[in-house]
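Remarks on the structure that follows.
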Amino acid sequence: MTNSEEPDRGGDASTTDQQLDDFSSTSEEIQRQDSNDPANDPLFVREGDEDGSSTHIWADRDLLSIGTVPGPDRIVGRDTEIKSVAGEIRHLIHESQPNHVVIYGETGTGKSLVSRHVSDRLVDTATARNVPAASVYVECKKNNTETRVARTIARALSDKSDSDLEIPRIGLGSAEYYDYAYDIIDEYYDGIIVILDEIDMVDNAEGLLHELSRAREAGHTDAYIGIIAISNDIDFGQKLNARVQSSMRTTDFVFEPYQSDQIEQILEYRRDAFQDGVVQDGVITETADRSADEHGDARKAVDVLRIAGDIADDTDAEVVSTEHVDKAVKRAAVNRVKETIESTSPQSKLVLYTLGRLTGSNNRRFRTSDIYNQYETTCGDVGADPLSYDRVSQILSTLALMGISESHQVGGGHKQGVYLEHQLIKDKDVVMKAVVESDERLSELHNGTYKI
């Protein structure tokens, strides 16, 4: 039989071929229809996800979201702290004044998690005992003035109580927002718990704490208000004036960083964020070990695991591997630097970029004068007008305060005087990628990205 000859398949085979052709045409037609369906836009919906189910990597990605408060069976290594905080605020269920609490500790040690978990359970218990109660969580880093905190409290209470009060977003001072809050409290509640996360970020924290801790005593409300203040600054309480310390009379707790085995268990309890079998052996242990060695921050560890899953999903990988964890650690580090420099000026980013550009394997410390000379070149590259030498020196000091770099005073020897040397304390490539992605001019200089 020659190459051009077709084998005799018989009538059944011809019928099958025709059916396959018909099926192929039908499938192509469905694909064309699906591509025009906004619900299956290929820009967002990958092949195989058209039925609306999760991806082949993710089952419930929200379990790894920073704002998710896990159930009690997923909280690790904080049983003692949970019981201690609960013991201070439990009086609310007996219609009595709860003790005020201040919780100290580094980021990612479970302070916010424990506070919200205990407060939610307290409200459930109080409500079940016919004691109307509510808890309000305030992120003070975002709401960093007394007025913003008071507004957040008032609006949160309005939402929780289904009050008909229309509370303006702007145009009022803290006193007016307090009045709204007290009106709602008196109408709907016998007591509330207010969680003030990162209280040290509020510009008038003393005024805020004094107002809330004395609200019942001052006759602003008949209800009981308990405060849980959270701070990364271990000296925060000592900085409060005597009047606030007297009105608060707080019970203080210090949360220690998580150990590697605790972080591993925290991550294991979130494994069901992924589809069965997609997380390779060693991924969670690797994530936990690296997180414990670097910072002991469970929040960052959870974030790294989420990013590793995203990387695997974005690259259509079949599994999440330790290679994805390695990439996720770098990406998370870049994200943290980007958050740190987000509020800095464009010129500050140019100075930081210059320091990163100078930094090499053999030379890591540079005089202010050397940085300034290279900074002028950077300004020329992006078409910016350079600042004065003194202003650049001030920016370098600010970057040191932000924990990105550090400065050392050095004696120059005979007739050379004393001068400052500056160096990065964050990974050079991490800093460079973060600053390039944070500034459009620098991004264009690097064709849109900085690879590490």
>> I'd like the Kirkwood hydrodynamic radius of region 356-452, using the inverse of the mean 1/r over distinct C-alpha pairs, in Å.
In response: 14.5 Å
> In terms of modelled amide H atoms, which long-range or inter-chain residues lie less than 5 Å from the amide H of Ala229?
Replying inline: Val101, Val102, Ile103, Leu196
> Over the chain, what is the percentage of antiparallel beta bridges among all DSSP beta bridges, to the nearest 5?
Replying inline: 30 percent
> Please identify the trypsin sites (Lys or Arg not before Pro) of region 158-248 that satisfy two criteria: DSSP loop assignment and at most 14 other Cβ atoms within 10 Å. Which are they?
Replying inline: Arg169
> Over the chain, what number does the Rg to Rh ratio reach, with both radii from the alpha-carbon atoms and Rh per Kirkwood?
Replying inline: 1.09
> Which percent of Cα-Cα pairs in region 79-254 sits in each 10 Å bin, short to long?
Replying inline: 10, 42, 38, 10, 0
> Over the chain, what percent of the accessible surface lies on carbon and sulfur atoms, probe 1.4 Å?
Replying inline: 43 percent
> With respect to the cross-link table entries Lys142/Lys327; Lys160/Lys349; Lys142/Lys239; Lys111/Lys451, which display a Cα-Cα separation exceeding 32 Å?
Replying inline: Lys160/Lys349; Lys111/Lys451
> Can you tell me the Rg and Dmax of region 260-340, counting just the alpha carbons, in angstroms?
Replying inline: 11.8, 36
> For the chain, what is the mean residue ellipticity at 222 nm derived from helices alone (per DSSP H run of n ≥ 4: -39500 (n - 2.57); sum divided by total residues; nearest 500 deg cm²/dmol)?
Replying inline: -15500 deg cm²/dmol
>> Going Cα to Cα from Lys300, which aspartates and glutamates come in below 13 Å? Please leave out same-chain ones fewer than 8 positions away.
In response: Glu106, Glu264, Asp289
> In sequence order, what are the phi-derived ³J(HN,Hα) couplings for region 163-171 according to the Karplus relation 6.51 cos²θ - 1.76 cosθ + 1.60 with θ = phi - 60°, rounded to whole Hz, with x for glycine and proline?
Replying inline: 5, 7, 5, 9, 9, x, 7, 9, x
> Accessible area per residue of the chain at 1.4 Å probe, in Å²?
Replying inline: 53 Å²
> Which sequence of Glu88, Glu187 reflects their accessible areas, 1.4 Å probe, from the largest down?
Replying inline: Glu187, Glu88
>> Looking only at region 79-254, where both bridge partners belong to it, what percent of the DSSP beta bridges are antiparallel (to the nearest 5)?
In response: 0 percent
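The values are calculated or read from the model by the stated rules, or taken from the named source; none is laboratory data. Owing to the predicted nature of the structure, the values given are computational and were not obtained by experimental measurement. When we count neighbours, we look across all protein chains shown, and the Cβ atoms used for this are built from the backbone with ideal geometry, even at glycine. Protein only, heavy atoms only, side chains kept; ligands, DNA and RNA dropped before computing areas. Shrake-Rupley method; radii C 1.70, N 1.55, O 1.52, S 1.80 Å.
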